Structure formats: C-alpha cells, structure tokens
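A quick write-up on the structure given underneath.
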Amino acid sequence: MRLTFWGTRGSIPVPGPDTVRYGGNTSCLEIESREGRRVVVDAGTGIRPLGRKLMAQEPDEINLLITHLHWDHLLGFIFFEPAYRKGWVIKLGGWPLGLSGLRGLFDNHLGDGHFPVGFDDLPAKIMPSRELEAPRSRLGGLTLRACPLNHPQGGVGFRFDEREASLVFLTDNELGGPGPASLDDFVRFCAGARVLIHDGQYLPSEMAGHAGWGHSDWASALDLARLAGVERLILTHHDPSRDDGQVDDLIGQVRRAAPPGLVVEAAAEGMVVEV
Ligand SMILES: [Zn+2]
Ligand SMILES: [Zn+2]
C-alpha cells in the first residue's frame, strides 16, 4: 500500500514561511491499496488539496475514516471538491458519529450563517458504510482494524494490513493518559507493524503542562514503537506553535534516543511512503 500525508498539523492550520517543510494543514492521510482502493483518514484542512488532485480523474469511490470530531480533523470537508460533484461516492467509517459531524459542518439549525451550502444539497453520495464498520473489516485485500484512543471526547485509531505490509495510524492519543486503552492494548494493536504513525505533539518537558489534553510526547511514542517492534516511526500532529526548525530539533532528539534499526521521521505534507 502507499500512503500520502496531506495534513500533518495538530489543532489548527498554521500556514506561512515557518511551516513550509512539515506543512500547515491539519490531519489528512490517503492510503491506496495495491488493488487501487482508496482510504482517506480524517478530513482536516489537508483534504482540500487531496480533493483538488482527485478532480483530475473520473468520479470514483472514497472510503473516509474519521478519527473523531474535533475541528482539526473535520473542517476541510466543506471545501472537499468530490463532495460537490455528482458521481462521487463517499463511504464513511471510523468514529460512529462521523456522518452527523460532517452534517453539522454544513447545517446548523439556528440559521447563524456559518456556511451557505446545506449538507443535503451536496451532489455526491455520502453515507455510512457497513464495509467499514469497526472493529474489523475488509476492503478487497486490505484489512482494517480499529481501536479506541485516549483523547478527550474519544477517538479511533486504525491498523491496515495488506499481505506482508502493515500500517498503524494513532493520532490524538495520550499514551498513559486518561482513557479506555492501556499501553499493553496499544502494544498489541501495533505489534509487528512495518510503519507506526503516532501523535508526537509534545516534548517530554512539555507534558507536565498538558497532561490530560489527549496528546503524547515523543518519548512515549518511541516506547510504544520499541515495545511493539515496529520498523518505522513517523510522528505527526505537530504542535501549531512549533516551526520547521523546532520539528527538526524534536526529531533529532527522538533519533538519538531510538534503538538501532528503528527509522524515525516527522510526517511532512506531501510525503509519500510505500509500505
Ligand atoms: Zn487533533
Ligand atoms: Zn482531537
């Protein structure tokens, strides 16, 4: 499978000269299976440029998995061009309230003028899909699994397996924080994955001021990668106040602490990974 990062930033978009290398758009990941099935995880502002790319092809089916409903994982959908084109089919999975979350972006029953298009006026067919129902489902040769995350108001993480390739995406997750899942649960979920993409928003020194916020420091993410025996750790959900040079510094600290053989990288907008 092949994955492309379209949005790597946490909390709020931060465009500008300080974030050009790692990106300013919020959470969005595209996965293409060997059979050509497309899975998109999250509809942060990174989904807008993905939608522009998709306009170059004939209408098709998109499987959209929503991790949770916080704005940075949802807001890009109002400018996702396939939603505005007849013939596109957008099947939803992941967070159980994903459909009502997307609807809420368009429709507010108070008439307070947030957005001029109604959800039911969108020409694309947008619907929940039984094919994508948690905790385990199949999309052709791609197996999807889901797990609960430690995050305020909840969240869902995903694992994708296709033949010998395996990829886990856990963002907005506080390892060791309050929530339903223990470190052992995450180690089991990630066991033997080739690639682990994990929330690495904070430095260890920043955790004291952010405990319970639902995000991890890089040291916790590195521990998980080591215990689960993954080959490659990619940190994402970069803090909005961290510029490119500071992300470089953070990754340098992780690399110095990593065991030999574990590849460590920072997710960057436009980065493509063959898994
Ligand atoms: Zn987030
Ligand atoms: Zn969140």
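So the values come out like this:
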{"read-out": "Members of the range 227-265 that are out of contact with any His (no Cβ under 9 Å at 6 or more places or on another chain) and either of a type in the set (Phe, Trp, Tyr) or within 16 Å of ligand 1 (Cβ to nearest atom) (or both)", "value": "238, 240, 241, 242"}
{"read-out": "Subset of the range 204-218 that is crowded, with 17+ Cβ neighbours inside 10 Å and closer than 16 Å to residue 251 by Cα - its residue that is nearest to ligand 2 (Cβ to nearest atom)", "value": "216"}
{"read-out": "Scan of the range 189-212 for residues that are more than 20 Å from the chain's Cα centre (by Cα), part of a helix (DSSP H, G or I) and of a type outside the set (Asp, Glu), ordered by number", "value": "204, 205, 207, 208, 209"}
{"read-out": "Residue check for residue 248: acidic (Asp, Glu) and without any contact (Cβ under 8 Å) to a residue 60 or more places away in the chain", "value": "yes"}
{"read-out": "Unique match (being more than 16 Å from ligand 1 (Cβ to nearest atom), under 21 Å from residue 156 (Cα atoms), at pLDDT 95 or above and under 12 Å from the mean Cα position of the chain (by Cα)) among 64, 29", "value": "64"}
{"read-out": "Residue among 203, 183, 224, 149 that alone is under 22 Å from residue 72 (Cα atoms), away from ligand 1 (no atom under 15 Å from the Cβ) and not basic (Lys, Arg)", "value": "203"}
{"read-out": "Selected residue (criterion: nearest to residue 103 (Cα to Cα)) from residues of the range 20-45 that are in contact (Cβ under 8 Å) with a residue 60 or more places away in the chain and touching a helix residue (DSSP H, G or I) at 6+ places or on another chain (Cβ under 6 Å)", "value": "42"}
{"read-out": "Sole exception among (1) more than 16 Å from ligand 1 (Cβ to nearest atom); (2) among the small types (Gly, Ala, Ser); (3) in a helix (DSSP H, G or I) for residue 268, by number", "value": "(3)"}
{"read-out": "Those residues of the range 147-165 which are outside any loop (DSSP other than H, G, I, E, B), more than 16 Å from residue 228 (Cβ to Cβ) and either away from ligand 2 (no atom under 13 Å from the Cβ) or hydroxyl-bearing (Ser, Thr, Tyr) (or both), in sequence order", "value": "148, 162"}
{"read-out": "Test: residue in the range 70-81 that is away from ligand 2 (no atom under 14 Å from the Cβ), within 21 Å of residue 130 (Cβ to Cβ) and without any contact (Cβ under 8 Å) to a residue 40 or more places away in the chain", "value": "no"}
{"read-out": "Selection status of residue 7, closer than 25 Å to residue 124 by Cα, within 16 Å of ligand 2 (Cβ to nearest atom) and either of a type outside the set (Lys, Arg) or surrounded by 20 or more Cβ atoms within 10 Å (Cβ to Cβ) (or both)", "value": "yes"}
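One line per residue, one yes/no per condition, for (1) surrounded by fewer than 20 Cβ atoms within 10 Å (Cβ to Cβ); (2) among the β-branched types (Val, Ile, Thr):
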{"position": "19", "(1), (2)": "no, yes"}
{"position": "23", "(1), (2)": "no, no"}
{"position": "35", "(1), (2)": "yes, no"}
{"position": "44", "(1), (2)": "no, no"}
{"position": "55", "(1), (2)": "yes, no"}
{"position": "80", "(1), (2)": "no, no"}
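The values are calculated or read from the model by the stated rules, or taken from the named source; none is laboratory data. On a predicted model such as this, the values are computed, not experimentally measured, just so you know. Heads up, the Cβs are rebuilt from the backbone with ideal geometry, glycines too, and the neighbour counts pull from every protein chain shown.
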